[in-house]
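One structure follows; several queries about it will come next.
The values are calculated or read from the model by the stated rules, or taken from the named source; none is laboratory data. Since we're looking at a predicted model, the values are computed, not measured. Using ideal geometry, Cβ is built from the backbone for each residue, glycine included, and neighbour counts are taken over all protein chains shown. The protein model used for the area step is the full one, side chains on, heavy atoms only, and it has no ligands, DNA or RNA in it. Shrake-Rupley method; radii C 1.70, N 1.55, O 1.52, S 1.80 Å.
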Amino acid sequence: MSDLNYIKKEFEEKFVKINSKNDLQNLKSEYFGKNGIVSSEFKKMGSLDENHRKDFAKKLNLLKDDLTNLIENKFKLIEKEEINQKLVDEKIDITLPIRSQASGKIHPVSQVIDEISSIFSEIGFTVAEGPDVESEYNNFTALNTPENHPARDMHDTFYLDANKKTLLRTHTSPVQIRTMLNGKPPFKIIVPGRTYRCDSDQTHAPMFHQLEGLHIDKNITMAHLKGCLNYFIKEFFEVKNIKMRFRPSHFPFTEPSAEVDIGYKLEDNKIVIGEGNKWLEILGCGMVHPNVLRNAKVNSKQFQGYAFGMGIDRLAMLKYGINDLRAFFETDYRWLNHYGFDPLDVPTNYRGLSR
Ligand code: DAH
């Protein structure tokens with residue numbers, strides 16, 4: 001019969017030196033594996049006479065429980081220490097500033113929408129939105145453009161059904177109708193969004209972006225419109241002076257209507273905005289037609305105002321010297337890396353709009 005006390009003592013000597021899960025596992029196998037020291041003792045039991053066997057079995061089971069407890073507890077302890085060590089090693093100081101190597105870029109169109117929103121919010125405009133899939137009524141009829149009106153042909157419309165009742169909106173102007181029908185005057189909104197026309201070349205894409213503006217209140221005049229656009233263009237192009245002219249034009253939803261040109265010159269093949277004697281058309285505007293107000297359930301005797309609409313992509317091209325509109329929508333990563341903006345550089349009027 002082996003000396004169980006000796007086995008235990010020997011185990012304890014080895015046990016105290018152990019401090020890894022791996023060594024502990026090996027020790028466990030040495031004692032409890034198939035031919036382990038303790039397992040072998042159990043095998044010997046069969047050859048003992050009955051008197052000794054009972055006594056030995058009792059002691060051996062006690063030894064087994066003792067040693068397995070020691071192993072189990074040590075296992076838990078090591079595991080806990082490992083987790084604590086990991087927490088120390090992998091500690092992240094979240095108060096450290098982020099490294100400026102963020103790899104994503106903001107698309108120039110998104111950047112320009114943020115810039116424009118920031119500029120208009122300074123003078124009390126809020127941002128409204130509407131769906132890309134629009135009814136023929138909101139897109140045309142309610143905007144004083146009845147069926148067979150020649151202005152409908154100017155927009156190469158994508159119709160979505162045979163009856164021409166739903167379409168992809170050809171401009172952001174239908175959001176004027178939606179906003180007025182859903183609220184009470186006064187209204188002072190801008191509407192950035194996607195618009196669609198069946199057209200594609202260097203300066204036209206079948207999907208493009210527009211920004212609509214609408215200001216309806218008592219006693220709003222053309223002078224307010226001029227002041228508003230003058231402020232906007234100066235802020236947007238980040239110049240002190242701007243040459244601007246209103247050219248008489250026609251839109252069914254405004255009366256009178258105008259197109260706005262800004263002065264520019266070419267220097268080393270680059271456009272310089274605000275100076276020079278060339279003119280560039282950048283938006284359409286006018287005083288909202290009483291028929292539009294009526295269709296939108298606004299009392300046109302009490303309320304009046306102005307509206308304007310401009311191409312966002314075109315403004316982005318002008319401001320950032322991009323000459324092909326189609327590149328905006330080609331999702332070429334190299335292009336975006338070149339023309340895109342740092343995601344952490346949010347444009348505000350106070351901090352500066354572009355860098
Ligand atoms: N909706 C016009 C277009 O797409 C642009 C426009 C012109 C909008 C005059 C207006 C406006 O709100 O008053 O060509």
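When the accessible area of segment 4-89 is computed with all protein chains present and a 1.4 Å probe, what percentage of it is carbon and sulfur?
With neighbouring chains kept in place, the figure for segment 4-89 is 51 percent.
Only helical DSSP H runs with n ≥ 4 go in: add -39500 (n - 2.57) per run for the chain, normalise by residue count and round the 222 nm mean residue ellipticity to 500 deg cm²/dmol. Display every interim value, and only then the final one.
Numbers: 12 runs with 142 residues, N = 355.
The per-residue figure over the chain is -12500 deg cm²/dmol.
How fast does the chain diffuse by Stokes-Einstein, in µm²/s, taking the Kirkwood radius from C-alpha pairs at 25 °C and 0.890 mPa s?
Numbers: Rh = 26.6 Å.
The calculation lands on 92 µm²/s.
Considering the Cα trace of segment 250-345, what is its radius of gyration and what is Dmax, both in angstroms?
In Å, with Rg to one decimal and Dmax whole: 18.6, 55.
For segment 34-49, take each phi angle, set θ = phi - 60°, evaluate the Karplus expression 6.51 cos²θ - 1.76 cosθ + 1.60, and give the result in whole Hz per residue in order, putting x for glycine and proline.
Values, residue by residue: 3, 10, x, 4, 6, 4, 5, 4, 5, 5, 5, 4, x, 8, 8, 6 Hz.
Counting only protein heavy atoms and using a 1.4 Å probe, what share of the accessible area of segment 183-305 belongs to carbon plus sulfur, as a whole percent?
Roughly 48 percent of what the probe reaches on segment 183-305 is carbon or sulfur.
If Lys and Arg each add +1 and Asp and Glu each add -1, what is the summed charge of the other residues whose beta carbon sits under 14 Å from the beta carbon of LYS8?
It works out to a net charge of -4.
Would you mind estimating how fast segment 4-89 diffuses translationally, via Stokes-Einstein at 20 °C and 1.002 mPa s with the Kirkwood radius over Cα pairs, in µm²/s?
150 µm²/s
Please state, rounded to one decimal and in Å, the Kirkwood hydrodynamic radius that segment 1-150 gives when every pair of distinct Cα atoms enters the mean of 1/r.
23.8 Å
Quick one: Cα centre-to-centre distance for segment 205-265 and segment 124-140, in angstrom?
Going from one Cα centre to the other spans 19 Å.
How far is the Cα center of segment 57-97 from the Cα center of segment 304-339, in Å?
60 Å
Under a Cβ-only charge scheme (Lys and Arg +1, Asp and Glu -1), can you give me the dipole magnitude of the chain about the Cα centre, in debye to the nearest 20?
So the magnitude is around 620 debye.
About its Cα centre, what dipole magnitude does segment 154-199 give when the only charges are +1 on Lys and Arg Cβ and -1 on Asp and Glu Cβ, stated in debye to the nearest 20?
Dipole about the Cα centre, nearest 20: 240 debye.
Residue by residue, what Karplus-based ³J(HN,Hα) values in Hz, rounded to whole numbers, does segment 203-214 have, using 6.51, -1.76 and 1.60 with θ = phi - 60° and x for Gly and Pro?
10, 10, 10, x, 10, 9, 10, 10, 10, 9, x, 8
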